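Colleague: Below is one structure. I have some questions about it.
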Amino acid sequence: MNSKLTPTVIGIDIGASTTKLAAVERGTVDIITNEANFRETPTIVGYGPGERKIGELGSVKLKSNFKNTIVSPNRYLGLKGETDQAKNELTNCPCPTLINENSILFKVDVDGK
């Protein structure tokens, strides 16, 4: 039996506030839905006691645990901490941050740590 493997290509679009995923398999493009069956997933990470919630579930954490939620973490990728651009971006960040000249760190409480 001669079976050919057909490659699957995955595309990721990381936007400022949402992320979208698509897969191309056998010439067909399928948009991958999240756990809430939406095509767009919020770019949010929420932390709570013993848990980390991402996407739609992270949005719930934003409302109930504002200080332990990182909204659009991709906005900070590649930014140097001591620049005006980084400081301007951080004005919209709900959780506390630590800044040094080379990086931006997010301070969240996970199980008291």
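Colleague: Pick from region 46-101 the residues that are modelled with pLDDT under 80 and of a type in the set (S, T, N, Q): which of them is nearest to the chain's Cα centre (by Cα)?
Modeller: Step by step, filter region 46-101, then rank; the result is 92.
Colleague: Which of the residues spanning region 35-56 are without any contact (Cβ under 8 Å) to a residue 24 or more places away in the chain, surrounded by fewer than 17 Cβ atoms within 10 Å (Cβ to Cβ) and farther than 12 Å from residue 108 by Cβ?
Modeller: Selection gives 35, 36, 37, 38, 39, 56.
Colleague: For region 98-107, give me the residue count where each residue is within 20 Å of residue 59 (Cα to Cα) and either of a type in the set (Lys, Arg) or surrounded by fewer than 16 Cβ atoms within 10 Å (Cβ to Cβ) (or both).
Modeller: The first filter runs over region 98-107 and keeps only residues within 20 Å of residue 59 (Cα to Cα), leaving 106-107.
Pick out the ones that are also either of a type in the set (Lys, Arg) or surrounded by fewer than 16 Cβ atoms within 10 Å (Cβ to Cβ) (or both) and you get 107.
Summing the residues that are within 20 Å of residue 59 (Cα to Cα) and either of a type in the set (Lys, Arg) or surrounded by fewer than 16 Cβ atoms within 10 Å (Cβ to Cβ) (or both) in region 98-107 gives 1.
Colleague: Confirm whether residue 89 is within 16 Å of residue 15 (Cα to Cα), surrounded by 12 or more Cβ atoms within 10 Å (Cβ to Cβ) and in contact with a Lys or Arg (Cβ under 8 Å, 6 or more places away or on another chain).
Modeller: Numbers: within 16 Å of residue 15 (Cα to Cα): yes; surrounded by 12 or more Cβ atoms within 10 Å (Cβ to Cβ): yes; in contact with a Lys or Arg (Cβ under 8 Å, 6 or more places away or on another chain): yes.
Spelling it out, residue 89 is indeed within 16 Å of residue 15 (Cα to Cα), surrounded by 12 or more Cβ atoms within 10 Å (Cβ to Cβ) and in contact with a Lys or Arg (Cβ under 8 Å, 6 or more places away or on another chain).
Colleague: Of everything in region 13-28 that's of a type in the set (Val, Ile, Thr) and either touching a helix residue (DSSP H, G or I) at 6+ places or on another chain (Cβ under 6 Å) or under 18 Å from residue 71 (Cα atoms) (or both), which residue is surrounded by the fewest Cβ atoms within 10 Å (Cβ to Cβ)?
Modeller: Going residue by residue through region 13-28, those that are of a type in the set (Val, Ile, Thr) are 14, 18-19, 24, 28.
Checking which are either touching a helix residue (DSSP H, G or I) at 6+ places or on another chain (Cβ under 6 Å) or under 18 Å from residue 71 (Cα atoms) (or both) leaves us with 14, 18-19.
Values: 14: 13, 18: 17, 19: 18.
Here the residue is 14.
The values are calculated or read from the model by the stated rules, or taken from the named source; none is laboratory data. In this text, all values refer to a predicted model and were calculated from it rather than measured experimentally. All Cβ positions, even for glycine, are placed from backbone atoms using ideal geometry, and neighbour counts span all protein chains on display.
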